[in-house]
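Read the structure below first, then the notes.
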Amino acid sequence: YRGKYNMPALASMSSSKKRHEMDGTNIEHTLRRDETDIYTQRSEVLRANSKLSLAPMMEYTDRHFRHLVRLLSNKTLLYTEMVAGNAIAHERDDALSSLRSSADGSIADRQAKDSLLEWTFNQNNDDHNNPNTHFDPTYLLRFLGQGHHPEGPSVLQLGGSDPHQMRRAARTVYEFRELQKLQSSSSSHLHPLPVHCDYTAINLNCGCPSPKVAGKGCFGSALTHEPHLVRDIVTALHKGTEGTVPDVVKCRIGTDEG
(Lines give C-alpha, C1' and ligand atoms only; values in the text may rest on other atoms or scores of the structure.)
Protein backbone atom coordinates (compact mmCIF):
# COMPACT_ATOMS: atom_id res chain seq x y z
CA TYR A 1 0.00 0.00 0.00
CA ARG A 2 2.94 2.21 -0.58
CA GLY A 3 2.12 5.32 -2.53
CA LYS A 4 -1.41 5.50 -1.17
CA TYR A 5 -2.86 7.99 1.26
CA ASN A 6 -6.00 8.20 3.28
CA MET A 7 -7.10 11.79 2.86
CA PRO A 8 -9.68 13.30 5.22
CA ALA A 9 -12.74 14.12 3.15
CA LEU A 10 -14.37 17.50 3.56
CA ALA A 11 -18.11 17.58 4.00
CA SER A 12 -20.43 19.99 5.72
CA MET A 13 -21.64 18.84 9.14
CA SER A 14 -25.24 19.04 10.19
CA SER A 15 -26.38 19.47 13.78
CA SER A 16 -30.09 19.29 13.06
CA LYS A 17 -32.25 17.23 15.39
CA LYS A 18 -33.84 14.10 14.03
CA ARG A 19 -37.19 12.73 14.98
CA HIS A 20 -38.60 9.27 14.60
CA GLU A 21 -42.22 8.19 14.74
CA MET A 22 -43.17 5.62 17.34
CA ASP A 23 -46.82 4.58 17.65
CA GLY A 24 -47.78 7.48 15.38
CA THR A 25 -46.38 10.13 17.75
CA ASN A 26 -43.43 12.40 16.96
CA ILE A 27 -40.75 12.15 19.62
CA GLU A 28 -37.19 13.39 19.76
CA HIS A 29 -34.52 10.90 18.94
CA THR A 30 -34.15 8.60 21.95
CA LEU A 31 -30.42 9.19 22.06
CA ARG A 32 -29.95 12.91 22.46
CA ARG A 33 -26.54 14.13 21.56
CA ASP A 34 -24.68 16.79 19.67
CA GLU A 35 -23.71 15.25 16.35
CA THR A 36 -20.74 17.55 15.98
CA ASP A 37 -19.33 16.22 19.28
CA ILE A 38 -19.74 12.63 18.08
CA TYR A 39 -17.96 13.51 14.84
CA THR A 40 -15.15 15.21 16.77
CA GLN A 41 -14.71 12.27 19.14
CA ARG A 42 -14.41 9.82 16.29
CA SER A 43 -12.01 12.11 14.44
CA GLU A 44 -9.77 12.24 17.52
CA VAL A 45 -9.81 8.44 17.81
CA LEU A 46 -8.95 8.22 14.11
CA ARG A 47 -5.96 10.55 14.45
CA ALA A 48 -4.73 8.95 17.68
CA ASN A 49 -4.64 5.46 16.15
CA SER A 50 -3.33 6.15 12.65
CA LYS A 51 0.37 5.49 13.19
CA LEU A 52 -0.07 1.79 12.47
CA SER A 53 -2.87 0.53 10.24
CA LEU A 54 -4.03 -2.84 9.03
CA ALA A 55 -4.55 -2.23 5.32
CA PRO A 56 -7.83 -3.26 3.66
CA MET A 57 -7.22 -6.55 1.86
CA MET A 58 -9.90 -8.51 0.05
CA GLU A 59 -10.49 -11.99 1.43
CA TYR A 60 -8.10 -11.34 4.32
CA THR A 61 -9.21 -8.53 6.63
CA ASP A 62 -12.57 -9.99 7.58
CA ARG A 63 -13.80 -9.66 11.15
CA HIS A 64 -12.01 -12.83 12.27
CA PHE A 65 -8.62 -11.64 11.04
CA ARG A 66 -9.23 -8.19 12.50
CA HIS A 67 -10.01 -9.81 15.85
CA LEU A 68 -6.67 -11.61 15.72
CA VAL A 69 -4.81 -8.37 15.00
CA ARG A 70 -6.69 -6.62 17.79
CA LEU A 71 -5.45 -9.25 20.24
CA LEU A 72 -1.90 -8.27 19.25
CA SER A 73 -2.41 -4.50 19.39
CA ASN A 74 -5.15 -2.36 20.89
CA LYS A 75 -4.11 0.79 19.03
CA THR A 76 -3.76 -0.48 15.48
CA LEU A 77 -6.31 1.10 13.15
CA LEU A 78 -8.16 -1.79 11.53
CA TYR A 79 -9.57 -1.58 8.00
CA THR A 80 -12.19 -3.95 6.69
CA GLU A 81 -11.87 -5.61 3.34
CA MET A 82 -13.68 -3.57 0.71
CA VAL A 83 -17.46 -3.87 0.87
CA ALA A 84 -19.47 -3.00 -2.23
CA GLY A 85 -21.85 -0.17 -1.41
CA ASN A 86 -24.38 -1.34 -3.99
CA ALA A 87 -24.56 -4.79 -2.33
CA ILE A 88 -25.53 -3.20 0.99
CA ALA A 89 -28.01 -0.86 -0.71
CA HIS A 90 -29.68 -3.72 -2.60
CA GLU A 91 -29.92 -5.93 0.49
CA ARG A 92 -31.39 -3.01 2.43
CA ASP A 93 -33.98 -2.40 -0.31
CA ASP A 94 -34.90 -6.09 -0.43
CA ALA A 95 -35.33 -6.22 3.35
CA LEU A 96 -37.54 -3.13 3.42
CA SER A 97 -39.56 -4.34 0.43
CA SER A 98 -40.20 -7.67 2.12
CA LEU A 99 -41.26 -5.97 5.35
CA ARG A 100 -43.65 -3.64 3.53
CA SER A 101 -45.32 -6.44 1.62
CA SER A 102 -45.77 -8.50 4.81
CA ALA A 103 -47.16 -5.69 6.98
CA ASP A 104 -50.87 -4.98 7.33
CA GLY A 105 -52.29 -1.67 6.18
CA SER A 106 -52.01 0.13 9.51
CA ILE A 107 -48.33 -0.62 9.76
CA ALA A 108 -47.57 -0.01 6.09
CA ASP A 109 -49.22 3.42 6.27
CA ARG A 110 -46.65 4.48 8.84
CA GLN A 111 -43.68 3.63 6.65
CA ALA A 112 -43.42 7.04 5.02
CA LYS A 113 -39.75 7.15 5.98
CA ASP A 114 -37.31 4.62 4.65
CA SER A 115 -36.01 3.59 8.05
CA LEU A 116 -34.88 0.31 9.53
CA LEU A 117 -35.18 1.99 12.92
CA GLU A 118 -38.91 2.53 12.52
CA TRP A 119 -39.46 -1.06 11.45
CA THR A 120 -37.66 -2.24 14.58
CA PHE A 121 -39.87 -0.15 16.83
CA ASN A 122 -43.04 -1.20 14.99
CA GLN A 123 -42.23 -4.88 15.27
CA ASN A 124 -42.02 -4.46 19.03
CA ASN A 125 -45.37 -2.70 19.29
CA ASP A 126 -48.57 -3.14 17.24
CA ASP A 127 -47.27 -5.86 14.96
CA HIS A 128 -45.33 -7.82 17.56
CA ASN A 129 -47.23 -11.05 16.88
CA ASN A 130 -46.64 -11.01 13.13
CA PRO A 131 -43.26 -12.73 12.52
CA ASN A 132 -43.30 -11.67 8.86
CA THR A 133 -42.79 -8.03 9.87
CA HIS A 134 -39.77 -8.68 12.09
CA PHE A 135 -36.60 -7.16 10.66
CA ASP A 136 -33.80 -9.72 10.58
CA PRO A 137 -30.42 -7.94 10.32
CA THR A 138 -28.35 -11.12 10.04
CA TYR A 139 -27.69 -11.02 6.31
CA LEU A 140 -26.76 -7.32 6.21
CA LEU A 141 -24.47 -7.79 9.18
CA ARG A 142 -22.65 -10.47 7.22
CA PHE A 143 -21.19 -7.54 5.26
CA LEU A 144 -20.95 -5.04 8.12
CA GLY A 145 -20.62 -6.95 11.39
CA GLN A 146 -17.54 -6.53 13.57
CA GLY A 147 -17.93 -9.38 16.02
CA HIS A 148 -19.50 -10.08 19.39
CA HIS A 149 -17.29 -7.55 21.18
CA PRO A 150 -16.41 -3.90 20.39
CA GLU A 151 -13.65 -3.84 17.79
CA GLY A 152 -11.96 -0.61 18.83
CA PRO A 153 -10.56 1.86 16.25
CA SER A 154 -11.69 0.53 12.88
CA VAL A 155 -12.64 1.79 9.44
CA LEU A 156 -15.22 0.41 7.05
CA GLN A 157 -14.03 0.61 3.45
CA LEU A 158 -16.79 1.02 0.87
CA GLY A 159 -16.43 0.71 -2.88
CA GLY A 160 -18.81 2.18 -5.41
CA SER A 161 -19.51 5.02 -7.82
CA ASP A 162 -23.24 5.69 -7.32
CA PRO A 163 -23.79 8.46 -4.71
CA HIS A 164 -27.38 7.35 -4.06
CA GLN A 165 -26.40 3.76 -3.31
CA MET A 166 -23.42 4.83 -1.24
CA ARG A 167 -25.65 7.06 0.85
CA ARG A 168 -28.00 4.15 1.52
CA ALA A 169 -25.06 1.95 2.48
CA ALA A 170 -23.81 4.60 4.91
CA ARG A 171 -27.34 5.00 6.25
CA THR A 172 -27.46 1.29 7.03
CA VAL A 173 -24.25 1.56 9.05
CA TYR A 174 -25.66 4.56 10.91
CA GLU A 175 -28.94 2.84 11.73
CA PHE A 176 -27.29 -0.33 12.99
CA ARG A 177 -25.23 1.77 15.39
CA GLU A 178 -28.36 3.60 16.53
CA LEU A 179 -30.14 0.30 17.08
CA GLN A 180 -27.33 -0.86 19.34
CA LYS A 181 -27.55 2.29 21.42
CA LEU A 182 -31.32 2.12 21.62
CA GLN A 183 -31.19 -1.47 22.78
CA SER A 184 -29.17 -0.41 25.81
CA SER A 185 -31.36 2.59 26.67
CA SER A 186 -34.90 1.77 25.50
CA SER A 187 -37.56 0.28 27.75
CA SER A 188 -39.04 -1.62 24.81
CA HIS A 189 -38.05 -5.24 24.24
CA LEU A 190 -35.71 -4.76 21.31
CA HIS A 191 -33.91 -7.84 20.07
CA PRO A 192 -30.14 -7.34 20.35
CA LEU A 193 -28.04 -7.31 17.20
CA PRO A 194 -25.98 -10.50 16.87
CA VAL A 195 -22.73 -8.56 16.31
CA HIS A 196 -21.44 -5.01 16.69
CA CYS A 197 -21.45 -2.41 13.92
CA ASP A 198 -19.70 0.71 15.20
CA TYR A 199 -16.99 2.06 12.93
CA THR A 200 -14.67 4.96 13.69
CA ALA A 201 -14.77 6.14 10.06
CA ILE A 202 -15.89 5.22 6.57
CA ASN A 203 -13.27 4.97 3.83
CA LEU A 204 -14.00 5.49 0.14
CA ASN A 205 -11.87 3.29 -2.10
CA CYS A 206 -10.26 5.48 -4.76
CA GLY A 207 -7.01 3.54 -4.87
CA CYS A 208 -7.59 -0.04 -5.99
CA PRO A 209 -6.29 -0.58 -9.57
CA SER A 210 -7.72 -4.09 -9.97
CA PRO A 211 -9.40 -4.59 -13.38
CA LYS A 212 -12.48 -5.95 -11.59
CA VAL A 213 -12.73 -2.74 -9.57
CA ALA A 214 -11.22 0.09 -11.59
CA GLY A 215 -12.06 -1.50 -14.94
CA LYS A 216 -15.34 -3.33 -15.06
CA GLY A 217 -16.48 -1.90 -11.72
CA CYS A 218 -15.68 1.71 -12.68
CA PHE A 219 -14.66 2.65 -9.14
CA GLY A 220 -11.51 2.30 -7.05
CA SER A 221 -8.63 4.11 -8.77
CA ALA A 222 -10.93 4.91 -11.72
CA LEU A 223 -12.54 7.55 -9.49
CA THR A 224 -9.26 9.47 -9.55
CA HIS A 225 -10.34 10.79 -12.93
CA GLU A 226 -13.73 11.90 -11.57
CA PRO A 227 -13.05 14.41 -8.76
CA HIS A 228 -16.56 15.86 -8.93
CA LEU A 229 -18.04 12.38 -8.55
CA VAL A 230 -15.76 11.72 -5.57
CA ARG A 231 -17.06 14.94 -4.00
CA ASP A 232 -20.65 13.81 -4.54
CA ILE A 233 -19.98 10.36 -3.07
CA VAL A 234 -18.25 11.77 0.01
CA THR A 235 -21.14 14.17 0.53
CA ALA A 236 -23.56 11.25 0.20
CA LEU A 237 -21.62 9.22 2.78
CA HIS A 238 -21.63 12.15 5.17
CA LYS A 239 -25.37 12.65 4.81
CA GLY A 240 -26.02 8.94 5.16
CA THR A 241 -24.48 8.90 8.63
CA GLU A 242 -26.10 12.20 9.66
CA GLY A 243 -22.66 13.77 9.98
CA THR A 244 -21.61 11.49 12.84
CA VAL A 245 -18.85 9.48 11.12
CA PRO A 246 -15.65 10.91 9.55
CA ASP A 247 -15.19 10.10 5.86
CA VAL A 248 -11.72 9.41 4.49
CA VAL A 249 -10.54 8.63 0.97
CA LYS A 250 -7.97 6.04 -0.03
CA CYS A 251 -6.18 7.33 -3.11
CA ARG A 252 -2.89 7.11 -4.99
CA ILE A 253 -0.41 9.93 -5.47
CA GLY A 254 -1.19 10.10 -9.18
CA THR A 255 -2.22 8.27 -12.34
CA ASP A 256 -0.47 7.27 -15.56
CA GLU A 257 -2.17 10.24 -17.20
CA GLY A 258 -0.78 12.57 -14.57
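Leaving ligands and nucleic acids out of the surface, order L77, L46 by accessible area at 1.4 Å, largest first.
These residues rank, largest area first, as L46, L77.
Highest mean first, how do 174-181, 139-146 rank when packing is the count of other Cβ atoms within 10 Å averaged over residues?
174-181, 139-146
Skipping prolines and chain starts, which residues have an amide H placed within reach, meaning under 5 Å, of the one on L78, given they are 5 or more residues away or on another chain?
Placed amide hydrogens put L54, S154, V155 under 5 Å from L78.
Check each of the chymotrypsin sites (Phe, Trp or Tyr not before Pro) in segment 42-82 and keep only those in coil by DSSP with at most 13 other C-beta atoms within 10 angstrom; list them in order.
Passing sites in segment 42-82 are Y60.
Report, by chain and number, residues whose modeled amide H sits under 5 Å from the one on N203, excluding near sequence neighbours (fewer than 5 apart, same chain).
For N203, whose amide H was placed from the backbone, the distant partners under 5 Å are L156, Q157, L158, V248.
Which whole-Hz couplings ³J(HN,Hα) result when phi for each residue of segment 222-239 is put into the Karplus expression 6.51 cos²θ - 1.76 cosθ + 1.60, θ = phi - 60°, listed in order with x for Gly and Pro?
4, 5, 4, 8, 10, x, 5, 5, 4, 4, 5, 5, 4, 4, 5, 4, 4, 5
The values are calculated or read from the model by the stated rules, or taken from the named source; none is laboratory data. Since the structure is predicted, the reported quantities are computational estimates derived from the model, not experimental observations. Quick reminder, even Gly has a Cβ in these numbers, built from the backbone with ideal geometry, and neighbours come from all protein chains shown. To get the accessible areas, we keep the full protein, side chains included, count just its heavy atoms, and leave off ligands, DNA and RNA. Shrake-Rupley method; radii C 1.70, N 1.55, O 1.52, S 1.80 Å.
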